[in-house]
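The structure appears below as structure tokens.
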Amino acid sequence: MNPFFLFFKKFRKYSRNHVIKASILTIAVIVYSVFSEFFIEDSIVSSGIHSLFSSLWWTMQTITTVGYGDTPVYGLAGRANGMLIMVIGIGSLGYLMAGLTSMLIDIRLSSKLGERMAAEKKHIVLCNYNESTKKVLDKIKYDGIDIVILNENEVKGDNEYTYIKGSFLRENDLIRAGIKKASSVIIFSRSEDKEQMAMDAESILSAMIIRKLNPEIRIIGEILNPDSREHASSFMDDIIIKGDVSSMLIYSSIMIPGIPEFINDLLMSNSISEEDIDEKYASSTYHEFISNMEKENRIVLAFRKQDKIYLRENSDKKIDVDSYIFIKN
């Protein structure tokens, strides 16, 4: 194991243990100081300590080295006790501050090295980092969606996402990535020189583990071999065959020149949106609904029922879907 990681783990254990010890010591000193000074000084008329609150006020001034001087201590016993409190109190508070500082450093290091637990909820987990991941990340990171990247190697970048160091095949690493609280996960194929079916098998196995951890999560998977689709469909909600979409766009470009640029412009324009069907259209037909939407400058492309999307049908059948996908304006 890397010596730096060994040091980091020891540093983390040290900082956590010492913060607890320093907190207990500091509280004990404050409690002792408040009650001891009150019982010693309360009987002295000229003393500034005649209540537990004034004793607490004097204690906090003393151990923080502020020393306003508005709460005087006159008795010999009170001053001797005060000197003891100064030495122990200032030391215990410094010990606590040092522990808290090391804890903050630990948090920063954990974040940078991917060793911490993701705190996000309803986020998107991106498993593995490759060129496809980078392109997807560039598109969605500005949409206000919390993103967690789970990858075995460090992912360099800004603070707009959380990086978790780990494998998409290990249950504990998936849990650290917050898979139980995530809304979606995208499994990208690993950038390795392996046989395609073997890499697809890893992605499918990861989907099985994720489905067990969170039955409600939406799993989007990238596979390399079209023959893997049948096995992947049992665990993945959406399957993307790497290179398949590119092939279809090339073919479309031959049949309809300019179609790839058109599709790219359409997707980049953020003009495609989805909304639930309004209750007022519950008794309408597909034809009536599409006509009404066109009057509102909305071109209906498809309908969604549960998790399945259907291309639009301009028929006189009664509408029986949950939402519709359309082009705005």
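The values are calculated or read from the model by the stated rules, or taken from the named source; none is laboratory data. Since the structure is predicted, the reported quantities are computational estimates derived from the model, not experimental observations. As a convention, Cβ positions derive from the backbone with ideal geometry for all residues, glycine included, and neighbour counts pool all protein chains shown. Remember, those area values only see protein heavy atoms, side chains included, never the ligands or the DNA or RNA. Shrake-Rupley method; radii C 1.70, N 1.55, O 1.52, S 1.80 Å.
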**Karplus-derived HN-Hα couplings along the range 62-76 (A = 6.51, B = -1.76, C = 1.60, θ = phi - 60°), whole Hz, x at Gly and Pro** = 6, 6, 9, 6, 6, x, 5, x, 8, 10, x, 10, 10, x, 4
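Ignoring ligands, DNA and RNA, how do THR162, THR65 rank by accessible area with a 1.4 Å probe, largest first?
Details: THR162 10, THR65 95 Å².
I get THR65, THR162, largest accessible area first.
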**Complete:** With 0.36 nm assigned to each residue of separation and the Cα-Cα distance removed, TYR68 to LYS122 gains 14.4 nm
**Ranked packing of 231-237, 34-40, most packed first, by mean Cβ within 10 Å** = 34-40, 231-237
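Counting heavy atoms of the protein chains only and a 1.4 Å probe, report the per residue accessible area for the range 121-246 as a whole number of Å².
Computed with neighbouring chains in place, this is 52 Å² per residue.
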**Request:** Enter the accessible area per residue of the range 271-328 (Å², integer; probe 1.4 Å; all protein chains in place).
**Result:** 66 Å²
**Long pairs among LYS295/LYS318; LYS280/LYS305; LYS212/LYS305, criterion Cα-Cα beyond 23 Å** = LYS212/LYS305
**Alpha-carbon centroid distance for the pair the range 279-329 / the range 160-209, whole angstrom** = 36 Å
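Report the extension gain between MET60 and SER283 in nm, rounded to one decimal, defined as 0.36 nm multiplied by the number of residues separating them, less their alpha carbon distance.
Details: separation 223, 0.36 × 223 = 80.28 nm, distance 7.17 nm.
Contour length minus the Cα-Cα distance gives 73.1 nm.
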**Asked** Using the Karplus equation 6.51 cos²θ - 1.76 cosθ + 1.60 (θ = phi - 60°), what ³J(HN,Hα) coupling, rounded to whole Hz, does each residue of the range 267-281 give in order, writing x for Gly and Pro?
**Response** 5, 6, 7, 6, 8, 8, 9, 9, 9, 5, 5, 5, 4, 5, 9
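Among LEU56, LEU104, what's the order by accessible area (1.4 angstrom probe), most exposed first? Can you show the working numbers first?
Values: LEU56 65, LEU104 110 Å².
My answer, sorted largest first, is LEU104, LEU56.
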**Complete:** Taking a crude spin-label model, label points 7 Å out from Cα along the C-beta direction, the ASP237 to ILE90 distance in nm is 6.1 nm
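Largest first, what is the accessible-area ranking of SER183, SER54 with a 1.4 Å probe?
Details: SER183 45, SER54 20 Å².
The ordering from most to least exposed comes out as SER183, SER54.
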**Prompt:** Rounded to the nearest 10 Å², what accessible area does LYS194 show when all protein chains are kept and the probe is 1.4 Å?
**Reply:** 90 Å²
**Message:** 5 Å is the cut-off here: which amide hydrogens, built 1.01 Å from N in the peptide plane, fall below it relative to ALA302, excluding neighbours closer than 5 in sequence?
**Reply:** ARG312, ILE325
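For GLU131 and GLU275 in the same chain, what is the full-extension length gain: residue separation times 0.36 nm, less their Cα-Cα distance, in nm?
Values: separation 144, 0.36 × 144 = 51.84 nm, distance 3.13 nm.
48.7 nm is the gain from fully extending GLU131 to GLU275.
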